[in-house]
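**Student:** Take this structure, written in structure tokens, and hold onto it; I'll ask about it next.
The values are calculated or read from the model by the stated rules, or taken from the named source; none is laboratory data. Values in this document were obtained by computation on a predicted structure and should not be read as measured data. Reconstructed Cβ throughout: ideal geometry from the backbone, glycine too, with neighbour counts over all protein chains shown. Areas reflect the complete protein model, heavy atoms only, side chains present, ligands, DNA and RNA absent. Shrake-Rupley method; radii C 1.70, N 1.55, O 1.52, S 1.80 Å.
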Amino acid sequence: MIRLSWFSLVVSLLAPTASLGRRGDQEPLTGKFNNAACPDYALYATFSHPPLSKGPLKLPFQRPDPRCRTFHSDAIEKVIRDVTSRMKDPDLARLFENAYPSTTDTTVKFHTDGKDDKIKQKLRSRREKDAWLDDGEWEGPQSFIITGDILAEWLRDSTNQLKPYQQLAKKDPAIFDLILGAINTQSEYVIQSPYCNAFQPPPISGLPISLNGQDDVVHPMYDPSIVFECKYELDSLAHFLALANEFHHHTGSTAFLTPRWYKAVETLLSVLGAQNQSTFDPETGAYRPNVYTFQRNTNTGTETLSLNGVGNPLNSGTGLIRSAFRPSDDATVLGFFVPANAQMAVELGRTAAVLRSTGDESDAALAQTLADWGQRIAEGVWEHGVVRHKRYGDVFAYEVDGYGSALLMDDANYPSLLALPLMGFVKADDPTYRNTRRMLLEKEGNPYFLTGKEFKGIGGPHIGLQNAWPMSLLVQAQTSDDDDEIMECLDLVLKSSQLGLVHESIHVDYSHAYTRSWFAWANGVFAETILDLARRKPHLIFKDSRPYEV
């Protein structure tokens, strides 16, 4: 969306409500408070709120009033103070102050530690009404994390939104329960509809469901009271694994290893088995329908699948897993989407290591199954996902079909080819990755590397050919060791964040024109980038050169 001057008139009319934006170091007021008085953050985020930063950009303070925040953690507040007090640039400090707590301030729409008597009663009543409900369903901690301006949870987005806080889970019981709840909630979603990408609030939350406005024809069928959108994206399932893997990595806890989580993992394996199949039987050549199809009545080609919802044919024997859609929610052209296969291979291996650590025999058997899948997929990426480019040499393709066709590009959304080292698939100095990175960051090599008078970066078909995504610049900074390159990326993101928040995309010729003022995932990636530099290159952002560890 583009900010328009007439918004200033609206601000004056909303002044009593807008005044609820207060400094983060102020304590919440005591006494009764009606949450209905809190402004809609989708609107609130489109306006500037004082006090302004003391740098040349004069960035606004965009955190909601403490009484209107959706979650509180003392540990998060401490990180904000620790980091911003040492930063050279007051504008960069303000952006971190706004961005780091964006998820907890605005998107935790439901959370329970599982001990609430009212919620337990809801579950008992639901079981009495629906005798088919499984034991343990929706029990224990649960957390519903929206992506921002849409009342729905994306598996991918919510995992990445919580990632900046994973390091705090061992220190802060509130964060521990929040992330454990998110793992439990995602487990329920994967069990219910493993081919879907975005979900409605948990039935125990009391929150209303919303419709996406589409009339999609999808197989397998899904329950619209549970599912918001059902685009099958392999990375959604990889992110489900990643959420628990990161939690275990930082806490050592296996509290998420519940019967529901095991059932979700078994459900995930069934998807891998079905989507590993080729379009034609390798022995008879006969066409075999895929279990997942998707059709949408649309004039946008990336919003539906060709060939009656199946997508283009895929070959046998690749070891790769089909993904009908990309993490941008755009349809794949060639169904073997390489970044998601790389991510899945990594996360299957990490999950196998977690299970082996329990010492349980049944866990060891499941771990071996997951590890075998991960190895086959990784081998498939290296065998079929690497192609020879006449200018750049051996590079990773974005999508392949197993027949020899390859799509050479990258999209800003994670997982991407640019982010392969961040997901742990390769080292940043891997020769094939270095060739690929050079290709992706040149206009001659990547059709979606967009440049203009005021902004540049990788975009994608989701928004169009004139908008690049700040997220791509942040991934570029995290995968670089070059100080000048890193600072150029930070400067572009900072100057395009005039509302004190990181947007989804920026028009390359007019940096004041953007999409989505409230997009918590992008703010989380910015926060991660600052914390990465605080540890890896503190001299770039701090007044001193001492590294900072959360």
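**Student:** Would a scan of the range 457-476 turn up a residue that is within 12 Å of Ser416 (Cβ to Cβ), out of contact with any helix residue (DSSP H, G or I) (no Cβ under 6 Å at 6 or more places or on another chain) and among the aliphatic types (A, V, I, L, M)?
**Tutor:** Within the range 457-476, one or more residues are within 12 Å of Ser416 (Cβ to Cβ), out of contact with any helix residue (DSSP H, G or I) (no Cβ under 6 Å at 6 or more places or on another chain) and among the aliphatic types (A, V, I, L, M).
**Student:** Then there's this: Within 21 Å of His384 (Cα to Cα) and in a loop (DSSP other than H, G, I, E, B): does that describe Leu314?
**Tutor:** On the way: within 21 Å of His384 (Cα to Cα): yes; in a loop (DSSP other than H, G, I, E, B): yes.
Answer is yes for this residue.
**Student:** If you scan the range 294-310, which residues turn out to be part of a strand (DSSP E or B) and not aromatic (Phe, Trp, Tyr)?
**Tutor:** Our first condition is that a residue be part of a strand (DSSP E or B); within the range 294-310, this holds for 294-295.
Gln295 - this is the single residue of the range 294-310 that is part of a strand (DSSP E or B) and not aromatic (Phe, Trp, Tyr).
Residue-by-condition table, conditions (1) of a type in the set (D, E, K, R); (2) in contact (Cβ under 8 Å) with a residue 60 or more places away in the chain; (3) open to solvent by 20 Å² or more (accessible area, probe 1.4 Å):
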{"site": "Gly273", "(1), (2), (3)": "no, no, yes"}
{"site": "Thr284", "(1), (2), (3)": "no, no, yes"}
{"site": "Asn297", "(1), (2), (3)": "no, yes, yes"}
{"site": "Thr300", "(1), (2), (3)": "no, no, yes"}
{"site": "Gly311", "(1), (2), (3)": "no, no, no"}
{"site": "Ala324", "(1), (2), (3)": "no, yes, no"}
{"site": "Pro327", "(1), (2), (3)": "no, yes, no"}
{"site": "Val338", "(1), (2), (3)": "no, yes, no"}
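**Student:** So Ser517 ticks every box in (1) farther than 19 Å from Ser472 by Cα; (2) outside any helix (DSSP H, G or I) but one. Which box is left unticked?
**Tutor:** (1)
**Student:** So which residues in the range 494-509 are under 19 Å from the mean Cα position of the chain (by Cα) and open to solvent by 10 Å² or more (accessible area, probe 1.4 Å), if there are any at all?
**Tutor:** Here is the first cut: in the range 494-509, the ones under 19 Å from the mean Cα position of the chain (by Cα) are 501-506.
Passing the criteria: only Glu504.
**Student:** Which of the residues belonging to the range 422-458 are farther than 28 Å from Arg350 by Cα, over 22 Å from the mean Cα position of the chain (by Cα), in a loop (DSSP other than H, G, I, E, B) and of a type outside the set (A, V, I, L, M, F, W, C)?
**Tutor:** Matches in the range 422-458: Glu442, Lys443, Glu444, Gly445, Asn446, Pro447, Gly452, Lys453, Glu454.
**Student:** Report whether or not Ser278 is small (Gly, Ala, Ser), part of a loop (DSSP other than H, G, I, E, B) and touching a Gly at 6+ places or on another chain (Cβ under 7 Å).
**Tutor:** Numbers: small (Gly, Ala, Ser): yes; part of a loop (DSSP other than H, G, I, E, B): yes; touching a Gly at 6+ places or on another chain (Cβ under 7 Å): no.
Judged against the criteria, Ser278 is not a match.
**Student:** Yes or no: Asp481 surrounded by fewer than 16 Cβ atoms within 10 Å (Cβ to Cβ), of a type in the set (Asp, Glu), in a loop (DSSP other than H, G, I, E, B) and free of Cβ contacts under 8 Å to residues at least 40 places away in the same chain?
**Tutor:** no
**Student:** Among the numbered criteria (1) out of contact with any Lys or Arg (no Cβ under 8 Å at 6 or more places or on another chain); (2) open to solvent by 10 Å² or more (accessible area, probe 1.4 Å); (3) over 17 Å from Gln343 (Cβ atoms), which one does Pro164 miss?
**Tutor:** With (1) out of contact with any Lys or Arg (no Cβ under 8 Å at 6 or more places or on another chain); (2) open to solvent by 10 Å² or more (accessible area, probe 1.4 Å); (3) over 17 Å from Gln343 (Cβ atoms) applied to Pro164, the lone miss is (2).
**Student:** Now for a different question. Of the residues Thr112, Thr70, Thr84, Thr107, which is under 29 Å from Met487 (Cβ atoms) and either at pLDDT 95 or above or aromatic (Phe, Trp, Tyr) (or both)? Write out each step before concluding.
**Tutor:** Details: Thr112 fails: under 29 Å from Met487 (Cβ atoms); Thr70 fails: under 29 Å from Met487 (Cβ atoms); Thr107 fails: under 29 Å from Met487 (Cβ atoms).
One residue alone meets the criteria, Thr84.
**Student:** Also, quick follow-up: Going by what's in this entry, would Val346 be described as within 24 Å of Asp157 (Cα to Cα) and surrounded by fewer than 20 Cβ atoms within 10 Å (Cβ to Cβ)? Write out each step before concluding.
**Tutor:** Details: within 24 Å of Asp157 (Cα to Cα): yes; surrounded by fewer than 20 Cβ atoms within 10 Å (Cβ to Cβ): no.
Against the criterion (within 24 Å of Asp157 (Cα to Cα) and surrounded by fewer than 20 Cβ atoms within 10 Å (Cβ to Cβ)), Val346 does not qualify.
**Student:** Right, next: Among the listed residues Leu95, Leu57, Leu52, identify the single one that is surrounded by 16 or more Cβ atoms within 10 Å (Cβ to Cβ) and assigned to a helix (DSSP H, G or I).
**Tutor:** From the options Leu95, Leu57, Leu52, the qualifying one is Leu95.
**Student:** Then there is this: Would you mind listing the helices (runs of 4 or more DSSP H) fully within the range 98-167 where at least 1 residues are of a type in the set (S, T, N, Q) and farther than 30 Å from Trp518 by Cα? Please lay out each step first, then the result.
**Tutor:** Working: elements: 102-106, 117-129, 155-162.
Answer list for the range 98-167: 117-129.
**Student:** Taking the options Phe247, Phe228, Phe256, name whichever one is open to solvent by less than 60 Å² (accessible area, probe 1.4 Å), in a helix (DSSP H, G or I), under 27 Å from Ala182 (Cα atoms) and in contact (Cβ under 8 Å) with a residue 40 or more places away in the chain. Outline the logic, then answer.
**Tutor:** Details: Phe228 fails: in a helix (DSSP H, G or I); Phe256 fails: in a helix (DSSP H, G or I).
When all the criteria are applied, what remains is Phe247.
**Student:** Can I ask one more? Restricting the search to the range 379-408, which residues are among the basic types (Lys, Arg) and either crowded, with 19+ Cβ neighbours inside 10 Å or more than 19 Å from Val426 (Cα to Cα) (or both)? Step through it out loud before you land on a result.
**Tutor:** Let us first name the residues in the range 379-408 that are among the basic types (Lys, Arg), namely 388, 390-391.
Result: Lys390, Arg391.
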